[in-house]
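The values are calculated or read from the model by the stated rules, or taken from the named source; none is laboratory data. Here the structure is a predicted model, which means the values were calculated and not measured. Glycine gets a Cβ as well: all are built from the backbone with ideal geometry, and neighbour counts include every protein chain shown. To get the accessible areas, we keep the full protein, side chains included, count just its heavy atoms, and leave off ligands, DNA and RNA. Shrake-Rupley method; radii C 1.70, N 1.55, O 1.52, S 1.80 Å.
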There are 2 protein chains.
Amino acid sequence: MKLTARESDLAVSGPIVIMNRDDCLELGVGPTDRVCITGGSSAVSTVLISDSFIPKDTILMPPDMMAKCSVWDGDPVDVVYYPMPESIRSIRKKINGGVLDKEEIDSIVSDIMGGNLSEKEIIGFVSAFNVNNSDLVEVAYLTRSMAGTGKTIDLGVKPVFDFHSLGGVPGNKITPIVVSIVASHGMCIPKLSSRSVSSACGTSDFVDTFCDVEMDADSLKEAVRKNGGVFACGNEDYAPVGRLIIAAERPMGIDPRPMMMASIMSKKVALGTTHLLVDIPMGAGSKIPDMETGESFARDLIDLGTILGIHVECAVTRADQPVGSAIGPILEARECIRVLEEGDGDPDVVDKACSVAGILLEMGGVDDGKSLALETLRSGKAHEKFMEIVKSQNGDPGLRSDDLVPGKFVKDVHAKRTGYVQFIDNASIVAIAKGAGAPSDLGAGIELLHKVGDHVDVGEALFRIHAENQAKLDRAVESARSRRPMAVQDILKERTCGEMILKRIPSKEMLDLIRFRRRIRRTGPSTVIYVHLNTVSIT
Amino acid sequence: MKLTARESDLAVSGPIVIMNRDDCLELGVGPTDRVCITGGSSAVSTVLISDSFIPKDTILMPPDMMAKCSVWDGDPVDVVYYPMPESIRSIRKKINGGVLDKEEIDSIVSDIMGGNLSEKEIIGFVSAFNVNNSDLVEVAYLTRSMAGTGKTIDLGVKPVFDFHSLGGVPGNKITPIVVSIVASHGMCIPKLSSRSVSSACGTSDFVDTFCDVEMDADSLKEAVRKNGGVFACGNEDYAPVGRLIIAAERPMGIDPRPMMMASIMSKKVALGTTHLLVDIPMGAGSKIPDMETGESFARDLIDLGTILGIHVECAVTRADQPVGSAIGPILEARECIRVLEEGDGDPDVVDKACSVAGILLEMGGVDDGKSLALETLRSGKAHEKFMEIVKSQNGDPGLRSDDLVPGKFVKDVHAKRTGYVQFIDNASIVAIAKGAGAPSDLGAGIELLHKVGDHVDVGEALFRIHAENQAKLDRAVESARSRRPMAVQDILKERTCGEMILKRIPSKEMLDLIRFRRRIRRTGPSTVIYVHLNTVSIT
């Protein structure tokens, strides 16, 4: 059926067009049915039916749908009935408790990518693909299938290291430090980070304040070959179907574990990762409430890695207060770079960065990774590598932490009594920093002047709010007043700084390696080449 | 915010209104957010945002939404932002593999009933509530909660018997026979049936050809008190939330087992059923492909019944060809009434009806239920009770099967070779009957002249299509040509008529009773009162 395309400004989620009742009758299309629309190209959409909104012989399309069909307002399009996609059978099978094979999962992923499934149908799949209703082999199929919807990169070197944090803890600014330490030992670590979704600052948000983070696949390859590491921002090149799934999930706030695992791992598969460390922050505000959940998640990730041929290790880390003292783009960048410049700094930041880098170094064959990581940081070698990467990402070759100046509108929040800081509420800290304008106002955020375990006197400043204008500062102060971001009590609480890794969960192979090393250490020579892992040159 | 309501004819699924972008900005409402609209009454809806469809200060509402808010086109309404319902947390918990308690399930059901959840969110719940992700206690909470959304009836007598067929087998016309047999023994059986959804004829469709089936709660109570049984049509009085869930599920063709069980049982809970027999048709076209699935479904239903305090038994029955030979409203009514008039007839119909009635009689305390059921049918006692019920439902007091005349436009379909009928394809038979106009054309349908195992000669009529006009007859004949409704081959196949129950799956208590009876029969008196089951008077 030939119809005239008309642009609609109706903000809907998912591909939806509106057609006249008579046209629908003629085409045999009922409510919630699908049509395939062909202009310069073709796309599938669900149909809403109306008489009054749209005259006969026309079709109302939202702008993104017009783009997909390569048509402009007033262009003719060909519209045909599009039967229910076959993949709905597979979704149904999953909902009924069945096990899906590779072809079935591929067809679902390809129909999501092609826009052939409605958000309702995507939610049906996501919800059924839950932890009690799917096995790791299905998750592995899903992971590979998702990776296949975008670019896959062959860096031409092996092994390829990576690390990933599940998120949920503010101030987690370790990425540039970890990448610099690891890459300075000649290891390859093409680290893609993300921008904030609901947090006060994502890694790419603060890295963006001192160098470029957007990088296409070719520049990524080149940068990794040259420097070993990047601090880039993940984009639509890799596993782009993930964005469509998240768009359906987000309004409901869901992200079941198997889907989360597939989403994380699909990007690693696309980048050719061979060795992955996953940081699992545990505590209030993070996705992991307790050690049991953390360990079971770690086991699943390690086992999924085995199926995918990726060596995965996990570390459950502290998330009961922010990492370091800065929250917000410029504040975090400054704290991060300061640690690299000085080879030292906030004990939590140093400990977490060096522990994570240390495990990665050990995955690469080093014996005592954390010591090597600390040494690399203290010697200035990490800072040297950091500056190499910054320059290659078009940053200032003379970059100094002091160049980064946070928002000048500041207000301190004071202790109402004398005592010890008992806890810091991550959610409140994030809310206040966002109130101040973070992450879009780069200078906005929070500086913690005390952390859990510190003694404070009544009237002493607990934290400082930075903003770029008075109105937002006032808003943040108001937000601080209505919440309880820090609790001060009489009870003496020991500071827990500097033990950021609560539990390391090595894979089976890593356990074997650790045992092997112990044996060697007891019996054999002082230098060993661990032939059963992919070793890398340690300079 | 005060807006003017405007009626929209946009055919959408779920509650959706359209608002102007400026109004939404002012109200702080984004896409997929919800608003609460108050006119004479209040209702919640998801918002679509547009500039061009709708001027500022107005709100476009579909007719059912206007009805829910008690407003007419042009009326003022008050619109406020409606936060995400709390029950979405519980849906999320279920998707993440959690176990829901009574309060959580109640809040989901109440939000579905109130229209506060979108179809996407309902699908999220339904999909997560699958067989591997929910336990029977949750299903029981869901069942009771669904029952609580409508009327619940106390018939004032106990026990209350019922039976239910999972459906999927055409020509299953046993309900009036079973109800008449069981009720003629003084047992109470308020049987509610349904109309066709996708089949050629539902029970209420054929019963409607000879008496009224619509009955409100009060008339139902009165009729059951008077006659013991009814052949009524289930309506929105009982567990009405089921309709909203099915409306969301149907376009995707999903109905996971726990949801199906809750849906079936919620209506039984509403009617105060104490003893339920579930007929589980097994075979091509039915929901149950094999005995293993059938037995596991039966186990779940029996166990769910135990939690709900309903004594459940199941019978897996043949569904490899239609029951009896008539498909279509008038044809089925005629075959059914003929069996009652003659006390005999098609062996499948007689066997299935008397087996089902027999099990119900045994659940009521009778020793050899099937023999009693056959005797009741043959003696004319069942027909007598049937006529009592028909008259009380405003049917013709002189009703005879021969009064029912099927469509006069007929066409026979003949065998193309000599041999034995190997199989009858239920789906094709249904499609042809629907092509002929069933169930809306009451006289349309199919008469099978041969069934599986019969010997036929080339050119002999296999089945007869009835229609009410030539066009539909032609369409049905065309449909028969393009399909393979019956296969005739050389292989001798034994007729399987008259053994409709493949396996009876009694509950644990029933098994105990059967064992108890065997012991009594071997050792004791010939008449026993089974005190450990609710007994009824057997006249």
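Each listed q (0.12 Å⁻¹) maps to a log10 I(q)/I(0) for chain A from the Debye sum over equal C-alpha point scatterers, namely -1.17. Using a probe of 1.4 angstrom and keeping all protein chains present, the accessible surface of segment B:427-471 works out to 32 square angstrom per residue. Averaging the Cα positions of each part gives two centres, and for segment B:49-114 and segment A:54-80 these lie 30 Å apart.
Under the rule a/c < 1.5 gives rounded, and otherwise a/b versus b/c splits prolate from oblate, where does segment B:235-291 land using the Cα gyration tensor?
Note, shape of segment B:235-291 comes out oblate.
Partners of B:LYS385 within straight-line reach, counting aspartates and glutamates whose Cα lies under 15 Å from its Cα and excluding those fewer than 8 residues away in the same chain: B:GLU341, B:GLU342, B:GLU375, B:ASP396. Taking every alpha-carbon pair under 8 Å whose residues sit at least 6 apart, chain B reaches a relative contact order of 14 percent.
Take the Cα of A:ASN394, step 7 Å toward its Cβ, do the same at B:LEU511, and the gap between the two points is 7.4 nm. Inter-chain Cβ neighbour count for A:52-63, averaged per residue, equals 2 (cutoff 10 Å, partner chain atoms only). Over all pairs of different C-alpha atoms in segment B:53-105, the reciprocal of the mean inverse distance, the Kirkwood hydrodynamic radius, equals 14.4 Å.
Dipole of the protein assembly as shown computed with +1 at Lys/Arg Cβ and -1 at Asp/Glu Cβ about the Cα centre; of B:SER127, B:VAL312, A:GLY328, farthest Cα towards the positive end is B:VAL312. Overall shape: prolate for segment A:172-275, with the ratio a/c of the largest to smallest alpha carbon gyration tensor axis at 1.5 or above and a/b above b/c. By the Cα gyration tensor, segment B:75-195 has an equivalent ellipsoid whose semi-axes, rounded to whole angstrom, run 36, 19, 16 from largest to smallest. Taking the charge dipole of the protein assembly as shown about its Cα centre, with +1 at Lys and Arg Cβ atoms and -1 at Asp and Glu Cβ atoms, the residue from A:ALA415, B:PHE161, B:PRO256 reaching farthest to the positive side is B:PHE161.
Shown is the FRET efficiency for A:ASN132 and B:ASP216, computed with R0 = 60 Å from the Cβ-Cβ distance and rounded to the nearest 0.05: 0.90. Place a point 7 Å from the Cα of B:MET84 along the Cα-to-Cβ direction; which residues of segment A:217-261 have their backbone N under 19 Å from it? What the label zone holds, given the 19 Å backbone N cut-off, is A:243-261.
Amide H to amide H distances under 5 Å link B:THR58 with B:THR4, B:ASN20, where only residues 5 or more positions off or on other chains count and H is placed in the peptide plane. Taking the label point 7 Å along Cα→Cβ, A:GLU375 and its counterparts in the other copies are spaced 9.8 nm apart, in ascending order.
The residue list B:PRO485, A:THR274, B:VAL197 was ranked by how far each Cα lies along the charge dipole of the protein assembly as shown toward its positive end, using unit charges on Cβ atoms, and A:THR274 comes out on top.
Each Lys and Arg contributes +1 and each Asp and Glu -1, all at the Cβ; summed about the Cα centre of segment B:65-196, the dipole is approximately 600 debye.
When the accessible areas of A alone and B alone are added and the area of the pair subtracted, with a 1.4 Å probe, the result is around 3500 Å², both sides summed.
For the cross-link pairs B:LYS68/B:LYS268; B:LYS94/B:LYS268; A:LYS503/B:LYS102; A:LYS158/A:LYS434, which exceed 32 Å when the distance is taken from alpha carbon to alpha carbon? Checking Cα-Cα distances, A:LYS503/B:LYS102; A:LYS158/A:LYS434 exceed 32 Å. In this structure, the pairs whose alpha-carbon distance is over 29 Å, taken from B:LYS287/B:LYS408; A:LYS287/A:LYS370; B:LYS287/B:LYS352; B:LYS173/B:LYS221; B:LYS411/B:LYS451, are B:LYS287/B:LYS408. Each listed q (0.09, 0.14, 0.15 Å⁻¹) maps to a log10 I(q)/I(0) for segment A:255-406, found by the Debye formula over equal Cα scatterers with no solvent: -0.35, -0.86, -0.97. In this Cβ point-charge picture (+1 for Lys and Arg, -1 for Asp and Glu), segment B:339-393 has a dipole of about 220 debye about its Cα centre. Around the amide H of B:HIS414, modelled in the peptide plane, lie the amide H atoms of B:LEU462, all under 5 Å away and 5 or more residues distant in sequence or on another chain. Between the alpha-carbon centers of segment B:403-472 and segment A:389-453, tell me the distance in whole angstrom. Segment B:403-472 and segment A:389-453 have Cα centres separated by 79 Å. Just which residues of segment A:125-142 lose 30 Å² or more accessible area with every protein chain there, against their chain alone, with the probe set to 1.4 Å? Residues losing area: A:SER127, A:ASN130, A:ASN132, A:ASN133.
Helices in chain B that qualify as membrane-span-like (whole DSSP H runs, Cα extent of at least 24 Å along the helix axis, mean Kyte-Doolittle hydropathy of -0.5 or higher) are B:291-308.
For chain A, give the share of DSSP beta bridges that are antiparallel, in percent and rounded to the nearest 5; count only bridges with both residues there. Numbers along the way, then the final one.
Numbers: 37 of 66 bridges.
Percent antiparallel among DSSP bridges in chain A is about 55.
Inverting the pair-averaged 1/r between distinct Cα atoms of the protein assembly as shown gives 33.5 Å as its Kirkwood hydrodynamic radius. Taken over segment B:448-492, the alpha-carbon convex hull comes to 78 cubic angstrom per residue. Find how many whole Å separate the alpha carbon centroid of segment A:283-319 from the alpha carbon centroid of segment A:202-269. Cα centres, segment A:202-269 to segment A:283-319: 19 Å. From its DSSP helices (H runs of at least four residues, each -39,500 (n - 2.57)), the protein assembly as shown gives a residue-normalised ellipticity at 222 nm of -12000 deg cm²/dmol. Put simply, the amide H of A:HIS466, placed in the peptide plane, has neighbours under 5 Å in A:GLY445, A:ILE446, A:GLU447, leaving out anything fewer than 5 places away on its chain.
Per residue, the average separation of C-alpha pairs within less than 8 Å and at least 6 apart gives segment B:442-502 a relative contact order of 38 percent.
Computed about the Cα centre, the dipole magnitude for segment B:274-338 is approximately 300 debye when only Lys and Arg (+1) and Asp and Glu (-1) carry charge, each at its Cβ. By accessible area, using a 1.4 Å probe on protein heavy atoms only, segment B:258-393 has 49% of its surface on carbon and sulfur. For segment B:149-191, what is the accessible area per residue in Å² when the probe is 1.4 Å? That works out to 24 Å² for each residue. Label-to-label distance for B:ASP402 and A:ILE307 is 6.8 nm, based on points extended 7 Å past Cα in the beta-carbon direction.
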